[in-house]
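Here is the structure we will look at, set down as structure tokens.
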Amino acid sequence: MPEALENVRITLASRPKGSPVPENFQIERQPVPAAAEGEVLLQILFLSLDPYMRGRMDDAKSYAAPVGIGQVMEGGTVARVIRSRNSDFAPGDLVLSHSGWQTYATSNGEGLRKLDPQQAPLTTALGVLGMPGFTAYAGLRNIGKPQHGETVVVAAASGAVGAVVGQIARIRGARVVGIAGGAEKCAYVSGELGFDVAIDHRAKDFTAQLALACPDGIDVYFENVGGHVWEAVFPLLNDFARVPVCGLIAHYNNEAAEGFDRLPGFMRAVLRKSLTVRGFIQREFAAQRPDFLEEASGWLADGRLKFREDIVDGLDNAPEAFIGLLQGKNFGKLIVRVSE
Ligand code: NAP
């Protein structure tokens, strides 16, 4: 291996208070690790940036352990095997891995999935055919269960999860209302993605627009956001409405929730309207991944499932891109091109 190879890694320098800032991250340069017997050396090509990473930056009890101070930020990656001491992999193999924010990594092969770039562009393994796409599929299949003619509302509708939610709901015969930030994203959601209506949550009359767009109420609300979007949706929920609670990105930077206690009113509505409000983490439904891959690959091939990626060049730009993701600056699945 040429000696000049160095591993650039981005570690967690400090825990954010509220919104993350560039100083919370540290860029380090180290020699590339050697692959031990049974391991492969991976060169990272693409890194996925996802909202859950904000949770990993806090030292709080959650469904996954936090990233430690000084540790590499975690994340899903597409990588090329450049050295193999594992008989299951050969140099040149392309794999989906969870190698984090760095340019090289070793792996014992556990959890690696080989990718075929002839079947679908490599980046789709991080987006429409990857964890976010599966999240949309699993949340709808197991909790949302949209029926023909029902009204489905989804927030962050131009993003990695929301775009897939709306398109699957349309395939299932539902009427779909997407909520997104700004005119450009809304035009994409109602135009390219073919949702029935798109509404800008930044509009002054957003609540009134949403009510107008849902004359028969809301049967499924796929919750990605929380905050003022949930406030507008909640009164419109129909009897027996289902709410897959997938994410609450509007709250990820809050240190403590404050304000009027809406819990009693919420519980009254759950009872009176027989609501199903169910949180989930996609990996709970991991056994359904093969079904997802089969169905979603078919929809991609026949043009019913469209996707958009927002690709940022260079690992050094990952912190800024990630901070922007929490402010709605991305447009589509956010991915960093780590190397050519
Ligand atoms: P994304 O939609 O590609 O990007 C995040 C988007 O959220 C932003 O572009 C922005 O879109 C919107 N947003 C950010 N702050 C907001 C705010 N304060 N109010 C309203 N909208 C805001 O991200 P994604 O990867 O698809 O994730 C979407 C949600 O799914 C997140 O909450 C994430 O945590 C969750 N998720 C959950 C699971 C699970 O297993 N439960 C798995 C994957 C993702 P606009 O500009 O359109 O507002």
Practice task
Scan 32, 21, 67, 78 and give me the residue that is in contact (Cβ under 8 Å) with a residue 40 or more places away in the chain, of a type in the set (Val, Ile, Thr) and open to solvent by 50 Å² or more (accessible area, probe 1.4 Å).
Solution key: 21
Exercise for the section: Could you list all residues from the range 318-340 that are more than 10 Å from the ligand (Cβ to nearest atom), of a type outside the set (A, V, I, L, M) and farther than 17 Å from residue 131 by Cβ? Expected result: 319, 320, 337, 339, 340
Practice task
Scan 194, 133, 109, 173 and give me the residue that is assigned to a loop (DSSP other than H, G, I, E, B) and closer than 30 Å to residue 41 by Cβ.
Solution key: 109
Problem - Selected residue [under 27 Å from residue 21 (Cα atoms) and away from the ligand (no atom under 13 Å from the Cβ)] from 237, 315, 263 - result: 315
Fill in the blank from the handout: Log entry, pairs with first residue in the range 201-212 being in contact (Cβ under 8 Å) with a residue 24 or more places away in the chain, second being among the charged types (D, E, K, R), beta carbons closer than 8 Å, six or more apart or on different chains, reads 206/200; 207/231
Handout entry: Per-region count, the range 227-243, residues touching a Gly at 6+ places or on another chain (Cβ under 9 Å) and either open to solvent by 60 Å² or more (accessible area, probe 1.4 Å) or at pLDDT below 95 (or both)
Key = 1
Completion exercise
Selection over the range 38-61 where residues are open to solvent by 20 Å² or more (accessible area, probe 1.4 Å) and of a type in the set (A, V, I, L, M) yields a count of 1
Handout entry: Positions within the range 81-102 being in contact (Cβ under 8 Å) with a residue 60 or more places away in the chain and open to solvent by less than 20 Å² (accessible area, probe 1.4 Å), in sequence order
Key = 100, 101
Exercise for the section: Take residue 280 and decide whether it is touching a Cys at 6+ places or on another chain (Cβ under 9 Å), within 15 Å of the ligand (Cβ to nearest atom), farther than 30 Å from residue 26 by Cβ and open to solvent by less than 80 Å² (accessible area, probe 1.4 Å). Expected result: yes
Problem - Among (1) touching a Ser or Thr at 6+ places or on another chain (Cβ under 6 Å); (2) small (Gly, Ala, Ser); (3) open to solvent by 10 Å² or more (accessible area, probe 1.4 Å) - the single one residue 120 does not satisfy - result: (1)
Handout entry: Enumeration of residues in the range 161-197 that are near the ligand (Cβ under 10 Å from one of its atoms) and either under 27 Å from residue 269 (Cβ atoms) or of a type in the set (Val, Ile, Thr) (or both)
Key = 161, 162, 164, 165, 178, 179, 180, 181, 189
Exercise for the section: Go through (1) surrounded by fewer than 18 Cβ atoms within 10 Å (Cβ to Cβ); (2) in contact with a Gly (Cβ under 9 Å, 6 or more places away or on another chain); (3) farther than 20 Å from residue 201 by Cβ one by one and return the number of the condition residue 254 breaks. Expected result: (3)
Practice task
Kindly state which strands (runs of 3 or more DSSP E) lie completely within the range 1-84 and contain at least 1 residues that are under 21 Å from residue 314 (Cα atoms), within 15 Å of the ligand (Cβ to nearest atom) and modelled with pLDDT of 95 or more.
Solution key: 40-48
Problem - Where a residue in the range 144-160 is surrounded by fewer than 24 Cβ atoms within 10 Å (Cβ to Cβ) and its partner, wherever it lies, is in a loop (DSSP other than H, G, I, E, B), with Cβ under 6 Å and at least six apart - result: 148/173; 150/174
Handout entry: Residue count for the range 93-131, restricted to those that are acidic (Asp, Glu) and within 23 Å of residue 67 (Cα to Cα)
Key = 1
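The values are calculated or read from the model by the stated rules, or taken from the named source; none is laboratory data. These numbers come from a predicted model, not from an experiment. Note that each Cβ is placed from the backbone with ideal geometry, even for glycine, and that neighbours are counted across all protein chains shown. The area values use the complete protein model at the heavy-atom level, side chains included, leaving out ligands, DNA and RNA. Shrake-Rupley method; radii C 1.70, N 1.55, O 1.52, S 1.80 Å.
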